[in-house]
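Novice: Dropping the structure in here first, questions after.
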Amino acid sequence: MAFDSWTLMLIFEFLLFLGIFPLLIFGWLMSAKGRNAIRDAPFESGQTHLGEARQRYMMQYYPYLIMFVVFDVVAMFLFTWGLAFTALPFAQDFLFLVFLVILVAPLGYALYLSGKTEVW
Amino acid sequence: MKRLQGLPTFQELVSLAVRIITSRTFLEIVVFPGLLNILLSAALLTWLERKVIARVQLRIGPLYAGMWGILQPIADGVKLMFKEMIFPELADAKLLMLCALSLMLIAAAPVVAIPFGDGLVIANMDIGLIYVFAVISLFPSVILLIGWGSNSKFSFLGGLRSLFQQVSYEIPMWLSVLGIVMLTGTLNLSQIVKAQQNVWFALPQVLGFVVFFTAVLAELERIPFDLPEAETELVMGWMTELSGVAFMLGFLAMYTKLYLMSALITTLFLGGWLGPFTVPQPVWFVLKTFVVASIIVIIRGSFPRVRVDLLLKAGWTRLLLLALANIFVTVVLILLGLDWVWRV
C-alpha cells in the first residue's frame, strides 16, 4: 500500500482528530455546568468588566507590515533561487546577489534612522 | 467482478483489518514517529519543564505521582478533563473549542515530514521544509481567532501580540535556513540529514543556527519572548478564557509545538539521526530533540522578558540582517568550493 504524501498527511490528521475530538465531547458531558453572572463574566483580575473587548487597539505595527509584505514574497523567491544556486552559472547567481544588496541597503538605512530618531 | 457484487465475508474483513493494522505505514502513523510518540513526548515535556524549572529555582518539582513525579502529566490531564468548561457569556464557545481542536491538529502536522531515522518518516516529502514552514505559519491566525472569540481584553491583546510576534519572526526563520538549502540543493528533510554525514550544519551555518534558534524561541512564545502570555501583564494571554478540555488541548498543542520545533532544529542543524556510536537512529534523534528542548526550558528559567517594541525591532532589523548575512557567508563558502562536504 503506497500512498501519496498528502494522503498520508490527511490520514494522520484524521486519526488525530478521531483521538482528540472524543476528549472534547467527554469533557463537555462530564464537566459540571452552572451559570451565574459572576462566573460568566470575562476574566479581568476581579474587576467588573466593561462590555465588549472587540474595540480598536493602537498597535503601531504599520512599518513592520510593509516590511513583511516585501520580505514574505522575497523569501519564497529566495528559496527557489537557493535550490538552483549551484546548478545556475555564477553570472546569474550574481544578478540575484545584486538584487539582495539593493534590498538590504534601504533596510540598513532604516535601521540607522530608527536608531537615530526612535521612530519605531 | 463476481467478488465486487457480493459483500465481503467477516473473515475477509478481519484479515483486511489485521493487514492494515500491522502494515508499516499504519504503525508509523499511529505509533512511532506519529501520534503516540508526539502525544507522549508532549506530555513528558510538560513534566520535564516543571522538573527542570524547579531545579533551576532550587525547588524539587512534582514528586508524588509515580517515580520522580513522572505521572504528573496524566494526573493533570485527568483533572482537566473533569473541570468545568467556563466560557464567558460574551465569548463564542463553539469557536473557542473548534480553535483549540485545530490548534492541536496544526501543532501535530509537521511530524509527517520530519525523519526520525533513515526511512523512518511518515511521508517522505520532497518539499518537506516548505511544508513544515507552511504549517507553522497557520498558528498565528488560529491564535488570533481564539483571542477574538473569547471577547476578553486579556485574550484579545494576547492574540494580537502573538500574531505580530509570530508573523515578524517567520521571515528571519525562513531566511536562516536558506543557507542549508543552497548547500544541499534540496528541500527534502531526509536528504538534508544525509548531507550532514561529515559535518553538522551547526558549524558552517553558525549564524543561521543562532538566528533560527532565536526565531524558534519567539515562535514558541517562550521566555525571553513570551509577550503573548506575559503573566504579570496579560494573565495567560490568549489562553485566559480557555478552560477544561479546551485548555488542555491548547496547552498540549504548545508542548507538541515545542517538541516538533526542537525536532526541526535537530534535523536541520544538529545532524538528525546521525551519531557516532551504533545506537539505533531514532534513539539518537529523540535524545538530541530532548536535549534541545531542555536547553529551551533552561533558557526559560534563567532569562528575563524583553519589551514588546524591542522584540519587534530586534526581529526585523537585527535578526533579518543576520539571516541575510548568513546567505552571503554561504555564497562565499560555495565559491571557495567547500560545498562538496555537504552535497548529497
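Throughout, read-outs are computed from the coordinates displayed, never taken from laboratory work. Values in this document were obtained by computation on a predicted structure and should not be read as measured data. Here the Cβ positions follow ideal geometry from the backbone for every residue, glycine too, while neighbour counts run over all protein chains shown.
To keep it simple, each residue is scored yes or no on (1) under 22 Å from B:V111 (Cβ atoms); (2) part of a helix (DSSP H, G or I).
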{"position": "B:L16", "(1), (2)": "no, yes"}
{"position": "B:A42", "(1), (2)": "yes, yes"}
{"position": "B:L58", "(1), (2)": "no, no"}
{"position": "B:G61", "(1), (2)": "no, no"}
{"position": "B:W68", "(1), (2)": "no, yes"}
{"position": "B:P73", "(1), (2)": "yes, yes"}
{"position": "B:G77", "(1), (2)": "yes, yes"}
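Novice: Among what's in segment B:91-116 and is surrounded by fewer than 20 Cβ atoms within 10 Å (Cβ to Cβ), more than 18 Å from the chain's Cα centre (by Cα) and touching a residue at least 12 places away in the same chain (Cβ under 8 Å), pick the residue that is farthest from B:W284 (Cα to Cα).
Specialist: Out of the qualifying residues, it is B:D92.
Novice: Identify the residue in segment A:57-95 that is in a helix (DSSP H, G or I) and more than 10 Å from every other protein chain (Cβ to nearest Cβ) and, among all such residues, is farthest from B:L324 (Cα to Cα).
Specialist: Restricting to residues being in a helix (DSSP H, G or I) and more than 10 Å from every other protein chain (Cβ to nearest Cβ), the top hit is A:Y62.
Novice: If you check B:S168, B:S150, B:S155, B:S162, which single one turns out to be more than 8 Å from chain A (Cβ to nearest Cβ) and among the polar types (S, T, N, Q)? First the steps, then the outcome.
Specialist: Details: B:S168 fails: more than 8 Å from chain A (Cβ to nearest Cβ); B:S150 fails: more than 8 Å from chain A (Cβ to nearest Cβ); B:S155 fails: more than 8 Å from chain A (Cβ to nearest Cβ).
Sole residue among the options that is more than 8 Å from chain A (Cβ to nearest Cβ) and among the polar types (S, T, N, Q): B:S162.
Residue-wise test of (1) in contact with a strand residue (DSSP E or B) (Cβ under 6 Å, 6 or more places away or on another chain); (2) within 8 Å of chain B (Cβ to nearest Cβ); (3) within 30 Å of B:F247 (Cα to Cα).
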| residue | (1), (2), (3) |
| --- | --- |
| A:I20 | no, yes, yes |
| A:L24 | no, yes, yes |
| A:G27 | no, yes, yes |
| A:G46 | no, no, yes |
| A:L100 | no, yes, no |
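Novice: Scan segment B:221-237 and report the pairs whose first residue is over 15 Å from B:I143 (Cβ atoms) and whose second residue is aromatic (F, W, Y) and crowded, with 18+ Cβ neighbours inside 10 Å, with Cβ atoms within less than 8 Å and a gap of 6+ or a chain change.
Specialist: If the second residue must be aromatic (F, W, Y) and crowded, with 18+ Cβ neighbours inside 10 Å, the pairs left are B:V235/A:F43; B:V235/B:F154.
Novice: Just to be sure, is A:L103 surrounded by 13 or more Cβ atoms within 10 Å (Cβ to Cβ), among the aliphatic types (A, V, I, L, M) and not in a helix (DSSP H, G or I)? Even if it seems obvious, please write down each step before you answer.
Specialist: Details: surrounded by 13 or more Cβ atoms within 10 Å (Cβ to Cβ): yes; among the aliphatic types (A, V, I, L, M): yes; not in a helix (DSSP H, G or I): no.
So A:L103 does not fit the description; no.
Novice: What tally of residues in segment B:124-140 results from selecting those that are closer than 21 Å to B:L270 by Cα and facing another protein chain (nearest Cβ under 10 Å)? Let's see the steps before the verdict.
Specialist: We begin by selecting, within segment B:124-140, every residue closer than 21 Å to B:L270 by Cα; these are B:124-133, B:136.
Remaining after also requiring facing another protein chain (nearest Cβ under 10 Å): B:124-131, B:133.
Summing the residues that are closer than 21 Å to B:L270 by Cα and facing another protein chain (nearest Cβ under 10 Å) in segment B:124-140 gives 9.
Novice: Right, next: Does at least one position in segment B:208-221 carry a residue that is part of a loop (DSSP other than H, G, I, E, B) and over 27 Å from A:F85 (Cβ atoms)?
Specialist: yes
Novice: Out of the residues in segment B:230-277 that are aromatic (F, W, Y) and in a helix (DSSP H, G or I), state the one that is farthest from the other protein chains (Cβ to nearest Cβ).
Specialist: For segment B:230-277, the residue satisfying everything is B:F269.
Novice: Could you figure out which of (1) in contact with a Pro (Cβ under 7 Å, 6 or more places away or on another chain); (2) surrounded by fewer than 19 Cβ atoms within 10 Å (Cβ to Cβ); (3) hydrophobic (A, V, I, L, M, F, W, C) isn't true of B:I20?
Specialist: Every listed condition holds for B:I20 apart from (1).
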